[in-house]
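The values are calculated or read from the model by the stated rules, or taken from the named source; none is laboratory data. For clarity, every value in this text was computed on a predicted model and none was experimentally measured. Cβ atoms come from the backbone with ideal geometry, glycine included; neighbour counts cover every protein chain shown. Side chains included, ligands, DNA and RNA excluded: accessible areas come from the protein's heavy atoms. Shrake-Rupley method; radii C 1.70, N 1.55, O 1.52, S 1.80 Å.
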Amino acid sequence: TTGTMALTSDIVADTKGLVAAQQWRLTTTTSADTTPVTAWEVPDTSNQGNMGSLVSLSTGVFSFSSTGYYEVSLTGYFYKPNTTGYSNAYIQSTLDDGSNWTTIANVGHEAPSGYTAAFNTNRVIIDVTDTSQQKIRVTYDLGSGTVQLRGNTDSTETNVTFLKLGET
């Protein structure tokens, strides 16, 4: 036997796409333990832009302008002169306005002797439900040797990018 069946759905597709995007780049090279990394700027090189203003920055701490789901990515440009060494940069978050910080992602570089350079990226998705308490910062840990986390005010090297994916 054959018949027909009616299909119904209350699934509503979000047709908006990406809500907003903002990037910050490191302006100076860091070669020592740094908590938090503070030398960030919004890129101002020609043909670079941001879509909205998602976060503000104060002494190395990023505060969110609205609640929602965010992808936070950290790309570290690591440069190591002619020695062995390793280092890590971390995305840390707080749920209590900075009283306690938790590492939620890291990027790192480890290499034998000789000059090396590498771009490494890691991403996390976070649910911001309280803009006064939830914040993000980046820290740098020079494990050993002379590995640098490179920054540049004229082009984007080490950077942190915030994408607002949708509402909470």
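Here are the numbers:
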| item | result |
| --- | --- |
| Neighbour net charge for G98 - beta-carbon separation under 15 angstrom, K R +1, D E -1 | -1 |
| Under-5 Å amide H pairs with V37, H placed in peptide plane, nonlocal only | V138, T139, Y140 |
| Gain upon complete extension [S56, Y86; 0.36 nm per residue less C-alpha separation] | 7.7 nm |
| Nearest-20 debye value, the chain charge dipole, Cβ charges on Lys, Arg, Asp, Glu | 320 debye |
| Listed residue (S66, G114, V138) projecting farthest to the positive dipole end of region 45-146, Cβ model | G114 |
| Among T153, I91, I104 - extreme Cα towards positive end, dipole of region 82-168, charges at beta-carbon | T153 |
| Fraction of accessible area attributable to carbon and sulfur, region 53-106 (%, probe 1.4 Å) | 44 percent |
| Three-way shape label, the chain, alpha-carbon gyration tensor, a/c 1.5 | prolate |
| Net charge, G76 excluded, C-beta distance under 10 Å - Lys, Arg +1, Asp, Glu -1 | 0 |
| Three-way shape call for region 24-74 based on the alpha-carbon gyration tensor, with the a/c threshold at 1.5 | oblate |
| Extension gain from T28 to T168, taking 0.36 nm per residue of separation minus the Cα-Cα distance | 46.9 nm |
| Centroid-to-centroid separation of region 27-86 and region 104-129 [C-alpha atoms, Å] | 12 Å |
| Where the chain is the region considered: accessible area per residue in Å², 1.4 Å probe | 54 Å² |
